[in-house]
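Before any comments, here is the structure.
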Amino acid sequence: MTVGGDDLLTTGEAAVLLGSSRQHVVDMCDQGLLPYVRVGSHRRLRRSDVEAVLRPELTRDQLKALWLHRAVAGRLVSDPDAVLAKAAANLERLRSVHPDGMAAKWLERWRAVLDAGVESVLTVLTSRRPDDVELRQNSPFAGVLSETERRAVLAAFAQRWRSDRAA
């Protein structure tokens, strides 16, 4: 069954997608955490609402970082060698400043991503996965975009943020 092109799921199907019990989905519905409609005596949930639970909204800062990293991704596909070299040099500099602690662990994760190649880097730069969102908070891509490009991305983001909030 679909509503406006959006599949309706049973609570059991939603539970499978969420990796939880059916009762947990029912509880989320009852608490108002998951919208649903009634079809007869049964609850039905829109697939997009269930998937939104899996992809929580990003904070403003996280979304801004995503926009900047998407611009870096554009540069990466047009000049991969230069972008990866800049990131590697930044990474080495940062690792000398932060040889241990949590920052060192994040930088080590970046080293593994860079070593895995362009496709892996593109995934991390553009993904909404929570691990990738966190990883971007310690990005080695400073200086890849010119100051003019960076400001243009930030201005476009701010304008989009305002228009989305006004709607």
How many residues are out of contact with any helix residue (DSSP H, G or I) (no Cβ under 7 Å at 6 or more places or on another chain) and either open to solvent by less than 40 Å² (accessible area, probe 1.4 Å) or more than 22 Å from V153 (Cβ to Cβ) (or both) if we restrict to region 75-88?
1
Could you say whether any residue in region 107-130 is within 21 Å of L154 (Cβ to Cβ), open to solvent by 40 Å² or more (accessible area, probe 1.4 Å) and among the charged types (D, E, K, R)?
yes
With farther than 30 Å from E51 by Cβ and either aliphatic (A, V, I, L, M) or open to solvent by less than 80 Å² (accessible area, probe 1.4 Å) (or both) as the only criterion, which of L135, L91 stands out?
L91
Return the pair list, or none, for Cβ contacts closer than 8 Å from residues in region 89-107 that are in a loop (DSSP other than H, G, I, E, B) to residues that are among the aliphatic types (A, V, I, L, M), at least 6 apart or on different chains.
H98/A104; H98/L107
In this structure, is L45 in contact (Cβ under 8 Å) with a residue 12 or more places away in the chain, among the hydrophobic types (A, V, I, L, M, F, W, C), more than 30 Å from L122 (Cβ to Cβ) and open to solvent by less than 60 Å² (accessible area, probe 1.4 Å)?
yes
Checking H42 against (1) within 19 Å of F157 (Cβ to Cβ); (2) at pLDDT 90 or above: exactly one of these is not met. Which one?
(1)
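The values are calculated or read from the model by the stated rules, or taken from the named source; none is laboratory data. This is a predicted model, so every value here is computed, not measured. In this analysis, Cβ positions are derived from the backbone assuming ideal geometry, glycine residues included, and neighbour counts consider all displayed protein chains. The protein model used for the area step is the full one, side chains on, heavy atoms only, and it has no ligands, DNA or RNA in it. Shrake-Rupley method; radii C 1.70, N 1.55, O 1.52, S 1.80 Å.
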